[in-house]
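Okay, structure first, notes after.
The values are calculated or read from the model by the stated rules, or taken from the named source; none is laboratory data. From a predicted model like this one, the values you see are computed outputs, not experimental measurements. As a convention, Cβ positions derive from the backbone with ideal geometry for all residues, glycine included, and neighbour counts pool all protein chains shown.
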Ligand SMILES: Nc1nc2c(ncn2[C@@H]2O[C@H](COP(=O)(O)OP(=O)(O)OP(=O)(O)O)[C@@H](O)[C@H]2O)c(=O)[nH]1
Ligand SMILES: [Mg+2]
């Protein structure tokens, strides 16, 4: 029987699930990949499958993809055919994880995947959270042209209306939700598709989630495919030419003409590192410089 073309809608360690007619069927990965501990398929991939052997036979070209480096594990392709990556974060003890935001936003932007930052659980915010959100939203929107939204999974109408303003490119139907465990990724997707996906309460002491979603999965929503992913702790952007990925710092910093300088405090004569080390204001630009240094000094 000839190969059948379909799309990967869920992944696990041993294989993938793909729709065939009205059913979603499991397909094994060829054993060479399992032996090499390589994982060739990602959410959203178009693949060919052998229906009689229940096996993947080929992977079609990806118009785009999002990859994530992982400690002591092979780099993972999170998804392909992506129109948007939604980076989700929430307040923990009235604070936002600025370092994680910078790591994720930088990493995703470096891969030229369009992204937005969604700060979740808006129904729980008090005036302190609203005001911090305003400050952060203004900065990231102006400096990085990043769309920042405050959202609540308990208010489905407001999330539907976000999607109504977008135009779906049929070649890039995937909208992938990324972020730490417990921020409400599955709850947002449930609110959109109108079906309950399993969720769990966050730990009341640490504010951390319980890694409820363990397998990446796509859910159809209008013309889109919404990608629910397991929670992540961090993201590792590429260190090459990293300073230029922080245009807000570039525009605020003095010139540096030192040879092979990375503008971190490791280069004590660097005018840029001197400028930020002596910068007394505890503002978002300082926090962004700290994120920049953290990414370079903890690349993996
Ligand atoms: N008040 C409120 N609670 C929410 C909201 N979104 C999610 N929650 C709660 O936060 C907890 C975690 O939500 P999930 O949707 O499971 O979070 P997740 O990001 O999918 O977590 P992982 O699957 O572990 O990565 C659950 O108890 C949800 O009910 C929201 O908008 N408002
Ligand atoms: Mg989840």
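Tabulated data for the structure shown
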{"quantity": "Filtered residue count, the stretch 155-191, keeping only those that are away from ligand 1 (no atom under 12 Å from the Cβ) and either surrounded by fewer than 20 Cβ atoms within 10 Å (Cβ to Cβ) or more than 19 Å from the chain's Cα centre (by Cα) (or both)", "calculated": "14"}
{"quantity": "Only listed residue being over 23 Å from residue 177 (Cβ atoms) and buried (at least 20 other Cβ atoms within 10 Å of the Cβ), chosen from 235, 276", "calculated": "276"}
{"quantity": "Residue within the stretch 165-182 that is within 16 Å of ligand 2 (Cβ to nearest atom), closer than 18 Å to residue 229 by Cβ and part of a helix (DSSP H, G or I) present", "calculated": "no"}
{"quantity": "Among residues of the stretch 1-41, those that are modelled with pLDDT of 95 or more and outside any strand (DSSP E or B), counted", "calculated": "2"}
{"quantity": "Qualifying residue in the stretch 245-259 (condition: surrounded by 13 or more Cβ atoms within 10 Å (Cβ to Cβ), touching a residue at least 40 places away in the same chain (Cβ under 8 Å), in a loop (DSSP other than H, G, I, E, B) and touching a helix residue (DSSP H, G or I) at 6+ places or on another chain (Cβ under 9 Å))", "calculated": "yes"}
{"quantity": "Single match in 48, 67 (criterion: over 29 Å from residue 238 (Cβ atoms) and either in a strand (DSSP E or B) or in the same structural domain as residue 107 (by TED's automatic domain parsing) (or both))", "calculated": "48"}
{"quantity": "Unique match (being closer than 30 Å to residue 298 by Cα and either outside the structural domain of residue 107 (by TED's automatic domain parsing) or within 16 Å of ligand 2 (Cβ to nearest atom) (or both)) among 230, 204", "calculated": "230"}
{"quantity": "Any hit, the stretch 207-217, residues being touching a residue at least 24 places away in the same chain (Cβ under 8 Å), part of a strand (DSSP E or B) and within 16 Å of ligand 1 (Cβ to nearest atom)", "calculated": "yes"}
{"quantity": "Subset of the stretch 70-97 (residues that are farther than 15 Å from residue 233 by Cα, out of contact with any strand residue (DSSP E or B) (no Cβ under 7 Å at 6 or more places or on another chain) and in a strand (DSSP E or B))", "calculated": "74, 95"}
{"quantity": "Enumeration of residues in the stretch 118-154 that are within 16 Å of ligand 1 (Cβ to nearest atom), touching a strand residue (DSSP E or B) at 6+ places or on another chain (Cβ under 9 Å) and part of a helix (DSSP H, G or I)", "calculated": "122, 129, 130, 133"}
